[in-house]
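Note sheet for the following structure.
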């Protein structure tokens, strides 16, 4: 008498084989996948490439702020100052499409005594702008012109050098990512005593990303001294995933 029918033995064997195949295909650290199953033999790696680029534009954050006796007067004076800022930007080569209003507000402003009593001091009107200067080298001149036009009613929240045209740097970063992926795959092939075959697929897992320069406040220089915006460099990164077959 058989303890276990042959059909059950066959099913158990298939189940064990399936578990072994799944185990051999599992990711170890999220970057490397090695499969030695005859039907799925392959090695998959992820890698990142980096290229450095000088920013070609500058993003500027400006705010016009006015304190007046009524909300109507405050808003009117702030609008007039904002028009002067727009005119200065236009005269220095900044297109209207590169000027975006971020917020407009009017609110009462109070002072408080030591006893907590509040006194209305007036009404504060503000209008904030985000401005993109496409000619990065002229950013300092544009900033000086804006401050001269708006005077004490203009506040500079900061400037951020940015990269608008990323294609050239992205191409270099992509090539670096491919080289890094190949070097990593060859290392694993050598360690596992296997030979790489042909590339089965490649996937760019992230679009080109610029990293490295943060927003910064602009220090107020001495009268008559031109403002200079230091552009620095930024990293452009590209990540890829590539799978090779194994011979």
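The listed peptides 70-79, 168-177, ordered by packing as a protection proxy, come out as 168-177, 70-79 (highest mean of other Cβ atoms within 10 Å first). For segment 93-191, the convex hull drawn through the C-alpha positions has a volume of 223 cubic angstrom per residue. Subtracting the Cα-Cα distance from 0.36 nm times the residue separation, let me have the gained length for residue 48 to residue 195 in nm, one decimal. Full-extension gain reported as 50.6 nm.
Here is the size of segment 30-175 from its Cα atoms: Rg then Dmax, 24.8, 83 Å.
Measuring nothing but how far apart in sequence close Cα pairs (under 8 Å, 6+ apart) lie, relative to its length, segment 57-162 scores a relative contact order of 48 percent.
Just to verify a number: FRET efficiency for residue 130 and residue 226, C-beta to C-beta distance, R0 = 22 Å, to 0.05?
Calculated value: 0.40.
Between residue 205 and residue 100, the simple spin-label model (points 7 angstrom out along Cα→Cβ) gives 3.0 nm. Between residue 83 and residue 70, the modelled label-to-label distance comes to 1.9 nm, taking each label 7 Å out from Cα in the direction of the beta carbon.
Read-outs: derived from the displayed coordinates by stated rules, not from any lab. What you are looking at is a predicted structure, and each value in this text was computed from that prediction instead of being measured. Counting neighbours? That spans all protein chains shown, and the Cβs are built from the backbone with ideal geometry, glycine included.
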